[in-house]
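Q: Before I ask anything, here is the structure I am working with.
No lab work stands behind these numbers, since they all come straight from the coordinates. Note that the structure is a prediction, hence the values are computed from the model and not measured. Because the Cβ atoms are built from the backbone with ideal geometry, glycine has one as well, and the counts that use them run over all protein chains shown.
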Amino acid sequence: MNTKKRIISALLGGRVDRIPAWIPVVSVTVDMMEKAKAPWPKAHSDPQLMAKLAAMPWELTRMPSTTIPFCLSLEAEALGCELDQGTVNRTPSVKKPAFAGPADFEMPDDLLERGRIPVVLEALEILQEHLGDEIPINAKVTGPFTIAGHVFGVSNFISWIKTRPEYVHQSVELACEVTKELVAAFVQHGAETLIVSDPTSSGDLLSGEYYREFVFPYHKDTADTSRAPMVLHICGNTKELLPHIRETGFDAYSFEEKVDVMAAKRILGDDISLIGNVAPVATMLQGTRDRVTEEAIKCMHDGVDILSSGCTLSPMTPLENIRALVIAAEKYRLAKTPDELIREFGRGLAIGMEA
Amino acid sequence: MRPLTLGGIVGRRYRQDAGEVMEIIKLGQSAPVSHKIEERQKPDLEGLLPENEPLKSIARQVADGKVEETKSAVKSAMVAGIDALTIAIEGLLKGMDAISTLYNHRQAYVPEILLASKALYAGMEECGSRLDVLKRKGIVLIHTADGDLHDIGKNIVAAIVEANGYRVIDLGTSVDPVLIIDAVKKHKPLALIGSSLMTSTRSAFLVSSDMLKKENIDIPFIVGGGACDAAFAKQRDLIYAQDPNAVVRILDGLHPTN
């Protein structure tokens with residue numbers, strides 16, 4: 001089975017020969033920028049450099065990730081937010097909201113020509129041309145709730161949940177149009193898989209009920225919009241959101257180590273593939289190779305369908321730790337004989353008893 | 001057929017079933033238990049509010065995050081002759097305290113906290129005694145790391161620390177270490193709080209800490225946020241706080257009269 005097929009099959013819940021390692025969130029590091037001579041922030045706005053850098057995880061570590069853009073501010077910038085351009089190890093971020101309320105929001109007709117969106121589209125074409133046969137070309141879109149938070153100001157926007165719920169619905173609906181338009185454009189320009197990253201809808205900020213009311217309909221809408229396999233990523237502790245996420249219609253869910261894999265599996269079942277969830281800071285950034293391997297095996301044991309880091313890698317992450325993740329997935333042996341299965345079943349039973 | 005991985009068969013199906021079987025045995029039920037999240041206890045706001053009127057209704061307005069209602073409740077209490085200090089400490093702050101307690105138990109969420117802090121500040125302004133009242137436990141400075149523009153976590157901590165009776169001076173987001181040193185010299189705070197969500201920005205805390213040391217300023221430096229952990233804090237003499245509650249505990253420990 002080749003890398004591309006394996007990942008897409010695992011994403012859609014199908015047959016695979018082994019669990020693939022694939023980081024759908026951004027996984028480029030400072031070392032890669034040096035090798036590719038494509039440092040941030042330059043690589044955010046030059047299609048050649050962006051594509052070159054996005055190919056680095058595959059070229060240097062065999063981690064088949066090509067996720068672009070590298071930041072979450074692409075959409076906000078196109079909608080008129082002022083950005084801080086960031087540095088070599090810091091992504092651009094939104095400085096100021098663009099609008100005071102949903103009434104000010106104007107959906108631009110030329111969205112795809114605004115800001116750095118053309119850069120990303122061109123980079124996707126380059127990546128598709130060079131790597132399209134080997135690995136899935138993955139693109140990242142910011143989720144509607146996060147876009148709304150950016151353009152209206154997070155604190156302001158979150159407070160509307162209590163004061164003006166109708167504003168929240170209007171804003172997220174507008175933002176959702178942006179998300180959907182980008183999804184369509186990315187697919188048209190060569191993206192084969194998509195990740196919708198919506199950190200502002202995290203369980204650290206919202207309760208399950210709020211998620212259901214203000215985020216769920218728009219996630220569902222986004223998931224229904226494209227024929228490409230789609231991953232949802234939400235940071236933080238999202239335990240209370242899981243029963244709702246199960247119903248969104250996304251093909252896979254990528255989550256942080258704050259949510260236990262086995263607990264997530266019990267809630268999500270086979271309805272949605274699990275991607276995760278080696279700790280990005282404590283393990284990938286600060287840990288040794290052995291620690292990465294150990295945690296990777298635990299994740300696979302507990303039931304992830306695709307082995308990944310729980311969230312975007314820090315740009316200072318050592319290459320050997322990313323490599324360790326790839327090797328762990330390659331070496332992880334599946335239980336094959338009935339004996340082994342019975343033993344593992346017993347283990348599962350024992351763990352169930354503990355819980 | 002799906003692969004027979006541990007995740008494929010044990011983690012995914014059998015383990016799930018095994019867990020269910022155990023639950024059924026435990027509960028003595030015959031039907032499978034669905035995967036539902038434990039029901040949270042209903043928030044008990046009533047029990048956290050002060051007992052006497054009108055302080056109770058002032059606190060309730062703050063907890064409900066109602067800015068205008070808080071203002072008018074404070075006004076009428078002042079007309080009734082209750083002094084501003086009592087209104088602030090026994091009314092406004094108790095309301096904020098109640099909502100932060102609910103937040104710690106995951107019975108209230110960020111929207112509630114943000115609104116309550118707005119109401120708190122409005123009420124404080126109304127009784128015109130904000131500074132006097134909040135001097136009682138000391139001043140703390142709060143900021144996000146240089147380069148980090150995420151301020152929601154910082155705002156929550158600021159609101160909860162304020163609710164616990166400290167005067168919080170907010171230096172804002174992405175604060176240059178030089179400005180921090182100046183502010184520390186100017187306000188002579190009890191502690192400095194830093195929040196960082198992006199791992200690439202947290203090293204700014206080390207820079208600030210080194211600069212403080214160079215200036216011979218000895219001040220507790222509390223750090224927190226998604227990018228920080230205890231191991232990071234150990235690199236210098238920083239104090240790691242996991243959540244807003246921990247910040248308050250640390251501050252209370254620093255306060256000499258406590």
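Q: Under the Kirkwood approximation applied to all pairs of distinct alpha-carbon atoms, what is the hydrodynamic radius of chain A in Å?
A: Taking every pair of different Cα atoms in chain A, averaging 1/r and inverting gives 20.5 Å.
Q: With a/c under 1.5 counting as rounded, go ahead and sort the stretch A:147-284 into rounded, prolate or oblate using the C-alpha gyration tensor (a ≥ b ≥ c being the square roots of the eigenvalues; past the cut-off, prolate if a/b is larger than b/c, else oblate).
A: Oblate, because a/c is 1.5 or more while a/b does not exceed b/c.
Q: Let me ask something else about it. Most exposed first by the Cβ proxy, i.e. fewest other Cβ within 10 Å, how do A:155, A:201, B:200 rank?
A: In increasing order of surrounding Cβ atoms, one gets A:155, B:200, A:201.
Q: Pop out the Kirkwood hydrodynamic radius of the stretch B:126-258 from its pairwise C-alpha distances, inverse of mean 1/r, in Å to one decimal.
A: 14.6 Å
Q: Sorted from largest to smallest, which semi-axis lengths in Å does the alpha carbon gyration tensor of the stretch A:208-355 give for its equivalent ellipsoid, taking the root of 5 times each eigenvalue?
A: 26, 21, 14
Q: Of A:52/A:265; A:35/A:258; A:95/A:140; A:52/A:239, which ones are farther than 30 Å apart at the Cα?
A: Result: A:52/A:265; A:35/A:258; A:52/A:239 exceed 30 Å.
Q: Continuing with this model, one more query. Between the stretch B:170-245 and the stretch A:208-274, what is the C-alpha centre distance in whole Å?
A: The two parts, judged by their Cα centres, are 35 Å apart.
Q: Taking amide H atoms as placed 1.01 Å from N in the peptide plane, list the residues 5 or more away in sequence, or in a different chain, whose amide H sits under 5 Å from that of residue A:21.
A: Here A:307 satisfy the definition.
Q: Just counting partner chain Cβ atoms within 10 Å, what average do the residues of peptide A:149-162 show around their Cβ?
A: Mean shielding count: 4.
Q: Just checking the output field for B:228-235: average partner chain Cβ neighbours within 10 Å of each residue's Cβ?
A: 1
Q: Let me ask another. Counting only Cα, what are the radius of gyration and maximum Cα-Cα distance Dmax of the stretch B:52-132, in Å?
A: Computed over the Cα atoms of the stretch B:52-132, radius of gyration and Dmax are 11.6, 37 Å.
Q: Follow-up. With the cut-off at 26 Å, tell me which of the pairs A:42/A:298; B:137/B:186; A:5/A:37; A:37/A:180 have Cα atoms farther apart than that.
A: A:42/A:298; A:5/A:37; A:37/A:180
Q: If you average 1/r across every pair of different Cα atoms in the protein assembly as shown and take the reciprocal, what Kirkwood value do you get, in Å?
A: After inverting the mean inverse Cα-Cα distance, the result is 25.6 Å.
Q: What's the ranking of A:281-289, B:50-58 by average number of surrounding C-beta atoms within 10 Å, highest first?
A: A:281-289, B:50-58
Q: What distance in nm lies between label points placed 7 Å from Cα along the C-beta direction at residue A:2 and residue A:330?
A: Those two pseudo-labels are separated by 1.8 nm.
Q: What helices does chain A have that are whole DSSP H segments, at least 30 Å long along their own axis by Cα, and with mean Kyte-Doolittle hydropathy of -1.0 or more?
A: A:165-188
Q: Testing the spin-label approximation: label points 7 Å from Cα along Cα→Cβ at residue A:341 and residue A:289. State their distance in nm.
A: Once both label points are built, they end up 3.5 nm from each other.
Q: How far, in nm, would the chain grow between residue B:206 and residue B:240 when pulled straight, counting 0.36 nm per residue and subtracting the alpha carbon separation?
A: Once the chain is fully extended between residue B:206 and residue B:240, it gains 11.0 nm.
Q: Sticking with this one: Could you list B:109, A:167, A:253 in order of exposure, starting from the residue whose Cβ has the fewest other Cβ atoms within 10 Å?
A: If I rank by nearby Cβ atoms, fewest first, I get A:167, B:109, A:253.
Q: Something else now. When Cβ neighbours within 10 Å are restricted to other protein chains, what is their mean count per residue of peptide B:104-116?
A: Counting other chains' Cβ atoms within 10 Å and averaging over B:104-116 gives 5.
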